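To start, the structure under review is shown below, and the notes come after it.
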Amino acid sequence: MASSAAVGAHEPESPQSPDPIFEPLQFRNLTVKNRLFRSNIAGRFDNYDGSGNPLRYNWELKFARGGVGAIISSFVPVSAEGRIVPNYATIEHDDRIPFWRELGRRVHEHDCRFIMQLSHSGRQRDIVGFDQPIGLAPTDDPDDVNGLHANRMTTEQIAGLVQKFAQGARRAREAGLDGVELHSANGYLFTQFLSSAINDRDDEYGGALENRARFLLEVIGAVRAEVGDDFHFQSKLSAVDYNNAVFPWQARGNTIEDTVQVARWAEQAGIDAVHVSAGSMFPHPRNPAGTFPVETAARTYSALLGSGIYTLRNYLIFRTPGLREVFKWAWERTVPELDEIEGLNLDNARRIKEAVSVPVICTGGFQTASVIRRALEDQVCDGVSMARTLVANNDLPNLFAAGHEQAPRPCTYCNKCLVNTPANPLGCYEESRFSTRQEMIDQILSVYRPSAV
Ligand SMILES: Cc1cc2nc3c(=O)[nH]c(=O)nc-3n(C[C@H](O)[C@H](O)[C@H](O)COP(=O)(O)O)c2cc1C
Ligand code: SF4
């Protein structure tokens, strides 16, 4: 339930005009009507084979109607073996283009832009489809969360994947979308190359930072060559790996200094913006930052049981009173206090913004107009992206535009939405935010209602 302070805080204010939140953001190849981006998030709304399902239209339109300037899509695999779970729409073939074209058309009707996140899981997956038993990664080591195996890629396979990203970008452009983002953050394929804690190669793709960045820079070059110089293209980067946040005996991984250098190289290679995140895996205590609802995980994690070498261990931990409290403690040990979650990546965004000349978008907990306004006025970043905070309040941008400081019932960062995703539709599962349980259920299931289209 929203605190009384927060309830008071949502009263309309009269911000001085013009409000920086509603100033258009001009990228080199794209103009967005305000500084608010829907950050990457979606449930398993699509078909098993990676073809799109109109449920995704319903989902994305909630945010377009709510007033964000642009939607950055969820994880869109450029090839089938790069899926994190089945039932996520891919961009692996030309026959996927019409689905995305229709999605873009519907989103555009609300004066909202649509940027596709081109992605590959590498070793970090959740539910392994029957047709993708083994992943491709820079390393043979399993991921730390679920323990899913992948095969170390050969240089020929790396070259093939570079081209798959370029073709994914071409398809996004042909679909009339407004840009593409590389999911080069949060433990997925690009992080596995970039991170000094994960990349154990001894060829030209491993070792020194310039070698670990080679795959990312090759993909940036190939995408730019394929889509031309006039198409928006950005990269999401984990500013800091914090790789030892949960397992203190592990290496720390990349520092902000490493990522500042990577961002500089990425800009030189042709990106138009940097989207700043954190963490060498997903989920991570700092992304999405908040509590870890182990009681919910005890019910939903079973969907992953057949997956990795650690899933049974994790499941037993979540199911065992005492052990799950230990896990919760270990996970939340390095999570910022609840009142520090909003804008937790801003210091790192500032460091990156000082190093590049392209706009910087920052993610992490944003849901208060004055916090966002201050970050923009202080030139810490040029825009903010919001995921859970918009799942909780789809119309938050419209509330800001009407002068509200916060939504009446802000997101509590409880992460029940996250932990429900393996088994249940994506939506807000924080019952205390709703008058009745039925109201919460209706909100979650609203994505299935044709009238929502
Ligand atoms: C359920 C869920 C799914 C997410 N999926 C993605 C994703 O596909 N790609 C990505 O880059 N980030 C993903 N994220 C991270 C969000 O985009 C966002 O950066 C992060 O949650 C911090 O923002 P927030 O505090 O507003 O939620 C996901 C987060 C959640 C909770
Ligand atoms: S379940 Fe709702 S309140 Fe909790 S983190 Fe997700 S969106 Fe926020």
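For GluC sites (Glu not before Pro), the sites in segment 68-142 that DSSP calls loop and that have at most 14 other Cβ atoms within 10 Å are GLU109. For the chain, complete DSSP H runs whose alpha carbons reach 18 Å or more along their own long axis and whose mean Kyte-Doolittle score is -0.5 or higher are 214-227, 256-269. For the chain, with all protein chains in place and a probe radius of 1.4 Å, 51% of the accessible heavy-atom surface sits on carbon or sulfur. For MET386, nonlocal amide neighbours, meaning residues 5 or more places apart or on other chains whose placed amide H falls under 5 Å from its own, are PHE37, ARG38, SER39.
The loop-placed trypsin sites (Lys or Arg not before Pro) in segment 296-377, going by DSSP, that have at most 11 neighbouring Cβ atoms within 10 Å of their Cβ come out as ARG333. Placing a label point 7 Å from the Cα of TRP265 along the Cα-to-Cβ direction, the residues of segment 125-157 whose backbone N falls under 18 Å of that point are 138-139, 155.
The lysines whose alpha-carbon is closer than 27 Å to the alpha-carbon of LYS62, local same-chain residues fewer than 8 away aside, are LYS33, LYS236, LYS416.
Solvent-accessible surface of the chain, taken per residue with a 1.4 Å probe and all protein chains present: 37 Å².
Cysteines in the chain that lack a partner Cβ within the 4.7 Å cut-off: CYS112, CYS411, CYS414, CYS417, CYS428.
The residue list TYR448, PHE130, ASN415 was ranked by how far each Cα lies along the charge dipole of the chain toward its positive end, using unit charges on Cβ atoms, and TYR448 comes out on top. Within the full protein context, the accessible area of TYR188 is estimated at about 10 Å² for a probe radius of 1.4 Å. Taking the square roots of 5 times each eigenvalue of the Cα gyration tensor of the chain, largest first, gives ellipsoid semi-axes of 29, 26, 23 Å. Which value at 222 nm does the chain reach when only helices count, each DSSP H run of 4 or more adding -39,500 (n - 2.57), with the total divided by all residues and rounded to the nearest 500 deg cm²/dmol? So the helix-based figure for the chain works out to -10000 deg cm²/dmol. Please work out the Cα center distance from segment 345-408 to segment 155-223, rounded to the nearest Å. First find each Cα centre; the distance between them is then 27 Å.
Placing +1 on each Lys and Arg Cβ and -1 on each Asp and Glu Cβ, with no other charges, gives segment 221-307 a dipole about its Cα centre of roughly 400 debye. With the whole protein complex present, THR436 retains an accessible surface near 70 Å², based on a 1.4 Å probe.
The values are calculated or read from the model by the stated rules, or taken from the named source; none is laboratory data. Fair warning: this is a prediction, and the values are worked out from it, not measured in the lab. Don't worry about glycine lacking a Cβ; one is built from the backbone with ideal geometry, like all the others, and counts go over all protein chains shown. Note: areas computed on protein heavy atoms with side chains; ligands, DNA, RNA excluded. Shrake-Rupley method; radii C 1.70, N 1.55, O 1.52, S 1.80 Å.
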